[in-house]
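In what follows, a single structure is set out as structure tokens and then discussed.
The values are calculated or read from the model by the stated rules, or taken from the named source; none is laboratory data. Just so you know, these numbers come straight off a predicted model, no measurement behind them. Here the Cβ is made from the backbone with ideal geometry for all residues, glycine too, and neighbour counts use every protein chain on show.
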Amino acid sequence: MRKAGYIGIERDDPRKAVESMKQAALRIKGGASVLIFPEGTRSPDGRLQEFKRGGFNLAVKSGCDIVPIAIRDSFRIAPKGSLRIRKGSIGLSIGRPVSLSGLGKRDIPRLMHQVRSEMLRQMGSEPSEPTVLTEQTQPAA
């Protein structure tokens, strides 16, 4: 993960977490793409959980757009609490970018609601305009 440029966030150490967020914001400003799972953990039943603010703080700090991506049925393939990977299919919906132009920290709750609503829409039915991809997964050897 280090070679791939992974930036881990130390949840147990606030100082290290802040430093990691600063590093991530600098990388994003430099053109790097970052994948964030705003729930902070896997869902046990496939339902979208409440979002945490960290990824949205990072997006506002770096000034980048957010592209909502919804993953459906991955909980069946990689259940929470298990390292076992099962054979199956997932759905992946990629939404339109949400512009953060002119937004600040005070706008984060509204932004979180907007992105979460879009992801719920993506998960509820097949979207007509965003790209929909389906991936087949194979069990680990």
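A few comments on the model shown:
- Qualifying residues in the stretch 44-63 (those that are closer than 19 Å to Ile9 by Cβ and touching a Leu at 6+ places or on another chain (Cβ under 9 Å)) - the one modelled with the lowest pLDDT: Ser62
- Checked against the criterion of being under 26 Å from Glu118 (Cα atoms), surrounded by fewer than 11 Cβ atoms within 10 Å (Cβ to Cβ) and not polar (S, T, N, Q), the candidates Asp73, Asp45, Asp12 yield just one match: Asp45.
- Of the residues making up the stretch 28-55, just one is in a helix (DSSP H, G or I) and more than 29 Å from Arg72 (Cβ to Cβ), namely Lys29.
- From Ile90, Ile7, residue being over 28 Å from Arg121 (Cα atoms) and touching a Ser or Thr at 6+ places or on another chain (Cβ under 6 Å): Ile7
- Answer from Ile85, Ile66 - the residue that is β-branched (Val, Ile, Thr), touching a Pro at 6+ places or on another chain (Cβ under 8 Å), under 23 Å from Gly102 (Cβ atoms) and in contact (Cβ under 8 Å) with a residue 40 or more places away in the chain: Ile66
- Scan the stretch 27-36 for residues that are touching a helix residue (DSSP H, G or I) at 6+ places or on another chain (Cβ under 8 Å) and surrounded by 13 or more Cβ atoms within 10 Å (Cβ to Cβ) and the total you get is 3.
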